[in-house]
Amino acid sequence: MFDYLFAAPDQAAAQADPALAAYWLPANPPFTPGGWRGDCVNAGLQVWNSAQDTTATVTDPMMGTRTITTHAYLPGYWLNIATNARNPALEASPLLILGADRDAADAGAPQTQYIFCFGPGQSLGQFAGMNVSPLMAGANYPFGAFQ
């Protein structure tokens, strides 16, 4: 299984990308409003860099003292598309952040082997401390970068 992570300014920009548009189901009134294919697209992801997290210690009479972590989410509209085979059209998208081989990651391959492509201007070093939530069902990336 292969996962592709994309970032766009908003949902309309993601839909306008020809490679991503293939995964958008048009509206079929009155039955469906249109939307991303639920079998392979996870849209509206939250992405953050843990180095930018802030923490606060709070005391609550019911819960006691605890630490709360707040994430500074990255701007934009983030989505993941999962495929059974590598997809050259997705890999050519200007919105691509990275492509990853889920099976290789699950088998414990090094990050340099299971991340197989980067989008324009992206590199492995940019992903240290990055987190994506939620991941696709079945994904168990030991990214250290993506959790």
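Some points to look at:
- In the range 14-29, the residue that is most open to solvent (accessible area, probe 1.4 Å) out of those that are among the aliphatic types (A, V, I, L, M) and in contact with a strand residue (DSSP E or B) (Cβ under 7 Å, 6 or more places away or on another chain) is Leu25.
- The single residue among Asp3, Asp39 that is exposed (fewer than 12 other Cβ atoms within 10 Å of the Cβ) and under 20 Å from Ala139 (Cβ atoms) turns out to be Asp39.
- The range 1-34, residues that are without any contact (Cβ under 8 Å) to a residue 24 or more places away in the chain and outside any loop (DSSP other than H, G, I, E, B): Ala12, Gln15, Ala16, Ala21, Trp24, Leu25, Asn28, Thr32
The values are calculated or read from the model by the stated rules, or taken from the named source; none is laboratory data. All values derive from a computational prediction rather than experimental measurement. Quick reminder, even Gly has a Cβ in these numbers, built from the backbone with ideal geometry, and neighbours come from all protein chains shown. The protein model used for the area step is the full one, side chains on, heavy atoms only, and it has no ligands, DNA or RNA in it. Shrake-Rupley method; radii C 1.70, N 1.55, O 1.52, S 1.80 Å.
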